[in-house]
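The values are calculated or read from the model by the stated rules, or taken from the named source; none is laboratory data. Please read these numbers as outputs of a predicted model, since none were measured by experiment. Using ideal geometry, Cβ is built from the backbone for each residue, glycine included, and neighbour counts are taken over all protein chains shown.
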Amino acid sequence: MSKCYAETIVSLARQEVGYVEKATNSNLDSKTANAGKMNYTKYAAYIDTNYPNFYNGKKNGYEWCDVYVDYLFIRAYDLEDAMRLTNQPTKSSGAGCLYSYNYYKAKGWTGKIPKLGAQVFFGSSEKSISHTGIVIAVESNRFLISEGNKNNRVEENWYANNYAQLVGFGYPPYDEQTVTFTSKTRVITVNPKETNQIVIQIKG
């Protein structure tokens with residue numbers, strides 16, 4: 001099992017900003033070509049083609065905010081780790097935001113504090129979740145997310161911690177990331193699992 005760092009999915013998500021959904025099932029790999037409102041994307045097409053048992057059916061042409069997040073997990077890590085980090089079973093209903101939230105909740109991996117790499121869920125209640133994204137930055141009173149199917153594209157947007165439609169967060173069990181600076185024999189441990197901020201511990 002490879003190491004799964006939050007920073008990996010954050011870096012990948014930041015590369016996807018500006019991708020637009022397509023009018024038809026063509027030009028899927030282009031960020032801007034064939035723009036439309038028919039919910040065709042490279043994200044669903046990739047999962048449908050390469051991992052036909054990931055969902056309970058093909059998802060290209062359907063609402064895709066949650067599919068976008070799952071695509072990021074698969075591409076940032078691998079299929080096995082993506083399923084483990086999001087607690088999704090084979091042939092899951094996880095293309096739907098409510099189902100994805102409940103997969104986290106079943107493990108006790110939900111909460112109200114934004115953390116780097118967390119999956120965020122929006123809606124009117126825990127039983128009515130309608131949108132999702134991935135947290136890519138955190139400040140004291142707000143957080144930045146990468147979200148698919150926002151205005152028919154992938155966008156980065158800031159939300160306040162007390163945003164009215166915020167239901168909560170799902171916390172994938174990422175590994176800690178350690179960076180060693182040999183010239184000063186110091187170790188910096190980045191551990192976004194334990195806090196809403198990145199904590200830097202200097203040892204030695």
If the Cβ limit is 8 Å and pairs must be 6+ apart or interchain, which residue in region 102-114 that is within 19 Å of D66 (Cα to Cα) pairs with which residue that is assigned to a helix (DSSP H, G or I)? Y103/T86; Y104/T86; T110/Y101; T110/Y104
Looking at region 27-82, which of its residues are among the hydroxyl-bearing types (S, T, Y) and over 17 Å from K150 (Cα atoms)? S30, Y46, T49, Y51, Y55, Y77
If the requirement is being surrounded by fewer than 18 Cβ atoms within 10 Å (Cβ to Cβ), within 15 Å of Y99 (Cβ to Cβ) and at pLDDT 95 or above, which of these qualifies: N50, N56? N56
Take S183 and tell me if it is of a type in the set (G, A, S) and modelled with pLDDT under 95. yes
On the given criteria, is N27 in a loop (DSSP other than H, G, I, E, B), surrounded by fewer than 23 Cβ atoms within 10 Å (Cβ to Cβ) and on the phi > 0 side of the Ramachandran plot? yes
